[in-house]
Amino acid sequence: MKIGCPLPLDYLILDVPTGFPTANNQMKSTFNDTRSIIKTPFSIENRTRTDELQDMDTLALYLQQFAEIDVKRANSLPYKTTDILAGLHLLRYLVANDIFQFSMLYIL
């Protein structure tokens, strides 16, 4: 029986910081992780005890807030489709829902 030698330390040293952005302007999230864009985010998950449900009524209320924007004001800009659909929990709900059908081609 042969006892294995430990791995040399040279194999375990990695230069991890080279893969991270160095300035704040290089960091851009794909999903809406800032609450300043959307007033009422889509429910995170089905939590029946706290009345946080993911259903069609919740989806309608979520989309209703984007229909009520006042685009005539100078400081009010219309929401982009990417702003509305950039919520990870909303996208997961739409993909897992039986009413909306997505093919794997569109998901990937």
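The rows are residues; the columns are (1) at pLDDT 60 or above; (2) assigned to a helix (DSSP H, G or I); (3) surrounded by 10 or more Cβ atoms within 10 Å (Cβ to Cβ); (4) under 19 Å from the mean Cα position of the chain (by Cα).
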site	(1), (2), (3), (4)
ASN32	no, no, yes, yes
GLU45	yes, no, yes, yes
ALA74	no, no, no, no
ASP83	yes, yes, yes, yes
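Please work out which residue is modelled with the lowest pLDDT, limiting yourself to the stretch 87-108 and to residues that are assigned to a loop (DSSP other than H, G, I, E, B) and of a type outside the set (Asp, Glu). Quick ask: steps written out before the conclusion?
Filtering the stretch 87-108 for residues assigned to a loop (DSSP other than H, G, I, E, B) gives 87, 97-103, 108.
Add one more test, that the residue is of a type outside the set (Asp, Glu), and what stays is 87, 97, 99-103, 108.
Values: GLY87: 80, ASN97: 80, ILE99: 68, PHE100: 70, GLN101: 73, PHE102: 70, SER103: 72, LEU108: 59.
Looking at residues that are assigned to a loop (DSSP other than H, G, I, E, B) and of a type outside the set (Asp, Glu), I get LEU108.
The values are calculated or read from the model by the stated rules, or taken from the named source; none is laboratory data. Note that the structure is predicted; figures quoted are calculated from it, not measured. Ideal geometry is used to build each Cβ from the backbone, glycine not excepted, and the neighbour counts take in all protein chains shown.
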